[in-house]
Amino acid sequence: ILNVEQSPQSLHVQEGDSTNFTCSFPSSNFYALHWYRWETAKSPEALFVMTLNGDEKKKGRISATLNTKEGYSYLYIKGSQPEDSATYLCASLNYGGATNKLIFGTGTLLAVQP
Amino acid sequence: DAGITQSPRHKVTETGTPVTLRCHQTENHRYMYWYRQDPGHGLRLIHYSYGVKDTDKGEVSDGYSVSRSKTEDFLLTLESATSSQTSVYFCAIKDRPRSNTEAFFGQGTRLTVV
């Protein structure tokens, strides 16, 4: 069974603080690492999909990096705003013969206080 | 928005009764996934499908079965519902596994087993 882990489990920051989360995933048979943003009472929405070692992606104040050799990814939020409050999920897509499972971590809950 | 709908959106059922949840897509995506969301667990994979009549188990498949008789529909059945299956169920779709595209999620189905 694939094990995708995220830390911290939750994070409380002040508006304007910068923060980062970690996702660790199995590096064997790895294909892609996904990051999703999930607001309460809504469906998860994709932030980034990364496949190559050393990949860095950015969307506004949010960026992510990928290290496939050691099996981790970081998500950074610069200058957090209250609207960034959400659960951030990562998911690993690993080869499994003819099939591929998309396995999620337990998420990091971010609360940004004004 | 990706064309993916789940039905029903809410259901209350009694212990021991069979329940079927439906996921319908209009995107012609090959991969479809069923997840359950529980506090502290993020999204856990129940079953997934990689084509018509092709399905495989996920992390928490006990007590669940699935069927996919056509590309657009993926059904999740609880043969005999138990209180431990009270959860929010999400369906997701993805075009093909080995690509850098994200998964798209349905709105979720809240199931309560009393």
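Computed from the coordinates by the stated procedures, all read-outs in this text should not be read as laboratory data. Note that the structure is a prediction, hence the values are computed from the model and not measured. Glycine gets a Cβ as well: all are built from the backbone with ideal geometry, and neighbour counts include every protein chain shown.
A few comments on the model shown:
- The residue that is nearest to the chain's Cα centre (by Cα), counting only those in the stretch B:73-108 that are assigned to a loop (DSSP other than H, G, I, E, B), surrounded by fewer than 18 Cβ atoms within 10 Å (Cβ to Cβ) and not hydroxyl-bearing (Ser, Thr, Tyr), is B:Gln107.
- Here the strands (runs of 3 or more DSSP E) wholly within the stretch A:16-77 that include at least 1 residues being under 16 Å from B:Glu102 (Cα atoms) are A:30-38, A:45-50, A:56-59, A:62-67.
- Residue check for A:Leu52: under 10 Å from the mean Cα position of the chain (by Cα) and at negative phi: no
- Pick from the stretch B:51-67, criterion assigned to a strand (DSSP E or B) and over 11 Å from the mean Cα position of the chain (by Cα), ranking: surrounded by the most Cβ atoms within 10 Å (Cβ to Cβ): B:Thr55
- Per the listing A:Lys59, A:Lys78, A:Lys42, the residue uniquely more than 9 Å from every other protein chain (Cβ to nearest Cβ) and surrounded by fewer than 13 Cβ atoms within 10 Å (Cβ to Cβ) is A:Lys59.
- The number of residues in the stretch B:1-27 being in contact (Cβ under 8 Å) with a residue 60 or more places away in the chain, away from every other protein chain (no Cβ under 11 Å) and not in a strand (DSSP E or B) comes to 8.
- Single match in A:Thr87, A:Thr106 (criterion: crowded, with 17+ Cβ neighbours inside 10 Å and part of a loop (DSSP other than H, G, I, E, B)): A:Thr106
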